[in-house]
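Asks: Input: one structure, supplied below.
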Amino acid sequence: MAIDTANLQDQLTEKMIGLFESVVEERKKYYLTNPEKIPTQRDARSIISGYANTNSVISGGFNIIPGPLGMAAAIPEILLIVRNQVVMIYDLGVAYGKKEFLDKDLLATVFAYAIGRGGLGVLVMYGGKVLIKQISARLFPKVVQVIAGQVVQRFISSMVGKWLPIVGAAAMATWSNYSTREIGKKASEIFEKNIEHSSEVVDTLQVAEADIA
C-alpha cells in the first residue's frame, strides 16, 4: 500500500497550526493553578521518562490494528504523540528556569531543532548561549509545515510496524519511546544554556538537512 506522504503532511500541518500556542496557554494555567507542581532541573529526567512512557502506550494501543486500518489512525496518533512532546518541551523549559521565554515560537523552534531540522535561522547557538529571534506571523505556518514534514518522514520510516500485528505494536511503542527521549535530551541541551531574546524578526527559514531516526 502506497503512503500519501504529502496528504499526511498537509493534514498534520493544518491540525498543528494552533498546537504550540494552545500548549503554552494550557501549561501556563496549569502551573498557575498548581504552583506546587512546578518542576526543577532535578526533575528533568523523570519528565522525559514520563512522556516517553506515555507515548509508548499511545503508539502500542493504536498499532494493535495492523495494515490499512492502522494507517487510518495515523493522524490522531501522530497528533497525540507530538502534543505530548511539545508539552514535555514546555515542562523542561520550566524545570530549567526558562519560563519567561516559553512562547509558541520558542516551542516550535526547539521542537524543530530536536527532530533534526536545525534552528531554522531562528535559534542560534554560540558558546554557552542561545539567541532566539522572532518569527514573523507570515512565516510561522511555514515553520509548522517543515516540522510536520519531518514528523511524517520519521513516522513513515517506522511504518514497517504497522503491518505486523502485536509485534508491530511493540515495535512502534519502542520507537515512540525512543524518539520522545531523544527530543527531551535535545531540548534539555538548549535549556541548559543561557537564552537571550533578539529583536530581529525572521521572515525566511534556513532549513537544515535532517537525519531520519
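The values are calculated or read from the model by the stated rules, or taken from the named source; none is laboratory data. From a predicted model like this one, the values you see are computed outputs, not experimental measurements. For the accessible areas, the whole protein counts, side chains as well, though only heavy atoms, and no ligand, DNA or RNA atoms are used. Shrake-Rupley method; radii C 1.70, N 1.55, O 1.52, S 1.80 Å.
Asks: What pairs in Lys28/Lys133; Lys142/Lys193; Lys104/Lys142; Lys142/Lys185; Lys28/Lys129 have C-alpha atoms more than 20 Å from each other?
Replies: Lys28/Lys133; Lys142/Lys193; Lys142/Lys185; Lys28/Lys129, as the Cα separations exceed 20 Å there.
Asks: Okay, next question. Whenever you get a sec, compute what percent of the accessible area on the stretch 106-152 sits on carbon and sulfur atoms (1.4 Å probe).
Replies: Working: 780 of 1370 Å².
Whole-percent figure for carbon plus sulfur exposure: 57.
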